[in-house]
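*Asks:* Below is one structure. I have some questions about it.
Quick note: the coordinates plus some simple rules give every number you see, no bench work behind them. What you see is a predicted model, and the numbers here were worked out from it, not measured in a lab. Counting neighbours? That spans all protein chains shown, and the Cβs are built from the backbone with ideal geometry, glycine included.
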Amino acid sequence: MRLDIRIQKVDLPKEVNRYIERRLRFCLGRFETRIRRVSVRIFDINGPRGGADKRCRITVRLIPSDSIVVQEVNADLFAAIDRAAERAGQALARKLHRARDLRTQRESVRRLVDPFEHSAEGRPAAQIS
């Protein structure tokens, strides 16, 4: 899992990068084999004026070619990072669960209508009356 972290319009120490990486590895680590790249963008919307203006946008690019985008805005930067990472993990789990369910459903339908499947007597199942 490659991480790309960019912080724009905010002056933050290097510890924030380590914090972001640690949170993402905790929330997304179990899906690491399915993730191509994770991009994190941190923005300070209002600049020095204050308010609920720290935005954390996480984009997860999956293998082979799907993506998930999650965005969270909060006055506290760390709360925005935590919530966005948590939501990205939940969204990824849902997406992979749906894909697995669809795959299982297609395989079960395929087994039901397979004309070349043989019965216990050795005749094709489609000819059994």
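*Asks:* For Ala93 and Asp66 in the same chain, what is the full-extension length gain: residue separation times 0.36 nm, less their Cα-Cα distance, in nm?
*Replies:* 8.4 nm
*Asks:* Considering Cα pairs under 8 angstrom that are at least six residues apart, work out the relative contact order of the range 15-93 and quote it in whole percent.
*Replies:* For the range 15-93, the relative contact order is 28 percent.
*Asks:* Give, as a single signed number, the net charge of other residues whose beta carbon lies under 11 Å from the beta carbon of Gln71, with Lys and Arg counted +1 and Asp and Glu -1.
*Replies:* Charge balance in the 11 Å sphere: +4.
*Asks:* Highest first, please rank the peptides 91-101, 56-66 by the mean number of other Cβ atoms sitting within 10 Å of their residues.
*Replies:* Answer by packing, highest mean first, reads 56-66, 91-101.
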